[in-house]
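Report on one structure; see the data block that follows.
The values are calculated or read from the model by the stated rules, or taken from the named source; none is laboratory data. Every value quoted in this text rests on a predicted model; they were computed, and no experiment measured them. Neighbour counts are summed over all protein chains in view; Cβ atoms, including those assigned to glycine, are modelled from backbone coordinates with ideal geometry. Surface accessibility is based on the protein's heavy atoms, side chains included, excluding ligands, DNA and RNA. Shrake-Rupley method; radii C 1.70, N 1.55, O 1.52, S 1.80 Å.
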Amino acid sequence: MDCKKIHIPVMVREVIELLSPEVDGVYVDATVGCGGHSVEILKQSGFAGRLIGIDRDESAIKSSAEVLIDSRVILRKARFSELKDVLSELNIEQIDGIIFDLGVSMLQLKDLSRGFSFHSESMLDMRMDQTTSLTAWDVVNKYPENKLEQIFRDYGDEPFARRIAREIVRQRSRKPIDSCKELSELIKRIISRRGRLHPATRIFQAIRIEINREIDELKEGLRQTVELLKSGGRICVISYHSGEDRVVKNFFRDEEKKGRLKILTKKPILPSIDEITRNPSARSARFRGGEKL
Ligand SMILES: C[S@@+](CC[C@H](N)C(=O)[O-])C[C@H]1O[C@@H](n2cnc3c(N)ncnc32)[C@H](O)[C@@H]1O
């Protein structure tokens with residue numbers, strides 16, 4: 001799949017303005033995906049600049065390698081929680097800036113075999129790293145009803161969490177719920193369409209966050225970042241749902257209280273109407289930035 005054709009990076013201008021890359025700085029793109037933000041960071045960097053691109057998805061590393069053909073770039077398959085290990089392996093002790101553009105990429109969503117898409121006949125999967133064992137199928141077919149309800153509420157803000165959890169358990173007692181389409185059809189029978197949002201959006205998001213341990217990964221990635229940033233170094237985080245944004249907001253606030261971080265965005269920066277028109281997948285983005293003290 002051609003990354004350049006399917007993925008439009010979100011809030012690039014805002015990220016670059018806040019990151020304000022130094023020509024010879026060391027930058028980390030912790031969610032390299034299709035390389036959209038990395039390309040822009042490299043445009044600001046000089047000959048001695050370096051960019052470390054990280055992603056937990058092997059296919060993102062392969063696709064971004066086709067876009068980031070540049071001797072200043074090093075790509076590694078890793079998770080946020082492995083940030084310090086990756087950098088220490090590269091003998092990098094400190095960094096000038098980092099970007100986290102959370103969630104899934106178009107590359108993952110559009111590949112129907114990965115089981116992220118509502119319309120896919122493929123098995124429920126949703127693993128960003130295909131070498132891990134827990135899949136969306138396991139969550140949907142094995143989690144107890146109360147645990148399903150809790151993740152739908154906590155990670156999806158789904159008002160119909162209880163009804164959907166109950167219906168999943170009822171249906172799977174007859175036959176396992178195997179494909180993405182089977183699950184989204186079940187949800188559609190309970191919830192009617194919400195504006196432009198597919199009724200299954202929140203449930204799919206919640207399951208994805210659960211199986212990829214996205215909240216724990218984010219917390220650990222932020223913790224390691226503050227240790228790695230130089231004084232004056234900058235952190236940019238784009239999140240796409242309230243739970244993630246809350247983690248970032250609280251983390252920034254706590255670090256500011258400890259005197260380690262200065263918050264550069266008192267309120268999250270939202271994408272412009274113009275950007276949302278050009279790229280509707282940017283609509284829920286919230287961008288926060290900080291500077292290491
Ligand atoms: C929204 S996409 C990034 C797109 C990228 N900024 C671009 O413009 O091309 C998010 C990427 O982060 C990766 N990702 C999500 N959580 C991760 C984690 N904990 N560790 C490493 N990569 C992660 C996903 O696999 C996905 O490729």
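If you roll a 1.4 Å probe over the chain with all protein chains in place, what percent of the accessible area is carbon or sulfur? So the carbon and sulfur contribution to the accessible surface is 49 percent. For the pair residue 142 and residue 242, label points projected 7 Å from Cα toward Cβ lie 3.1 nm apart. Solvent exposure of segment 147-293, expressed per residue, is 48 Å² of accessible area, with all protein chains present and a 1.4 angstrom probe.
Over the chain, the fraction of Cα-Cα pairs per 5 Å bin, rounded to whole percents and listed from the shortest bin up, is 1, 5, 12, 16, 18, 16, 13, 9, 6, 3, 1, 0, 0.
Divide by every residue of the chain the summed helix terms, -39500 (n - 2.57) for each DSSP H run of at least 4, and state the resulting mean residue ellipticity at 222 nm, rounded to the nearest 500 deg cm²/dmol.
Details: 14 runs with 133 residues, N = 293.
After summing the helix terms and dividing by residue count, I get -13000 deg cm²/dmol.
Taking amide hydrogens as placed 1.01 Å from N in the peptide plane, the amide H of residue 265 sits under 5 Å from those of 289, each at least 5 positions away in sequence or on another chain. Placing dummy labels 7 Å off each Cα toward the beta-carbon, the span from residue 88 to residue 20 is 3.2 nm.
Given an 8 Å cut-off on Cα distances and at least 6 residues of separation, report the relative contact order of segment 133-211 as a percent. Provide the component values of the computation, followed by the final result.
Details: 72 pairs, mean separation 32.9, N = 79.
That works out to 42 percent.
Per-residue surface analysis assigns residue 270 an accessible area of about 110 Å², computed on protein heavy atoms at 1.4 Å probe radius. Take 203-210, 274-281, 114-121 and order them by the average number of nearby Cβ atoms within 10 Å per residue, most first; the result is 203-210, 114-121, 274-281. With the highest mean first, a sort of the peptides 6-19, 256-269, 125-138, 99-112 on other beta-carbon atoms found within 10 angstrom per residue produces 99-112, 6-19, 125-138, 256-269.
Under 5 Å from the amide H of residue 28 lie the amide H atoms of 52, 97, 98, 99, each residue being 5 or more positions distant or on a separate chain, with H modelled from the backbone and absent for Pro and chain starts.
Estimated at the nearest 10 Å², the accessible area of residue 273 is 140 Å² with a 1.4 Å probe.
Along segment 147-152 the Karplus relation, 6.51 cos²θ - 1.76 cosθ + 1.60 evaluated at θ = phi - 60°, assigns HN-Hα couplings of 6, 4, 4, 5, 5, 5 Hz to successive residues, with x for each Gly and Pro. No disulfide-compatible partner, judged by a Cβ distance under 4.7 Å, exists for the following cysteines of the chain: 180, 236.
For segment 225-231, putting each phi into the Karplus relation 6.51 cos²θ - 1.76 cosθ + 1.60 with θ = phi - 60° gives couplings of 4, 4, 6, 8, 5, 5, 5 Hz, in residue order, rounded to whole numbers and with x for Gly and Pro.
The phi torsions of segment 11-28, fed into the Karplus equation with coefficients 6.51, -1.76 and 1.60 and a -60° offset, translate into couplings of 6, 4, 4, 5, 5, 5, 4, 6, 5, 5, x, 7, 4, 10, x, 10, 10, 10 Hz, rounded to whole numbers, with Gly and Pro shown as x. Ordering of 163-175, 211-223 by packing is 211-223, 163-175, highest average first (other Cβ atoms within 10 Å, averaged per residue).
From the alpha carbon centroid of segment 89-127 to that of segment 1-58 is 15 Å.
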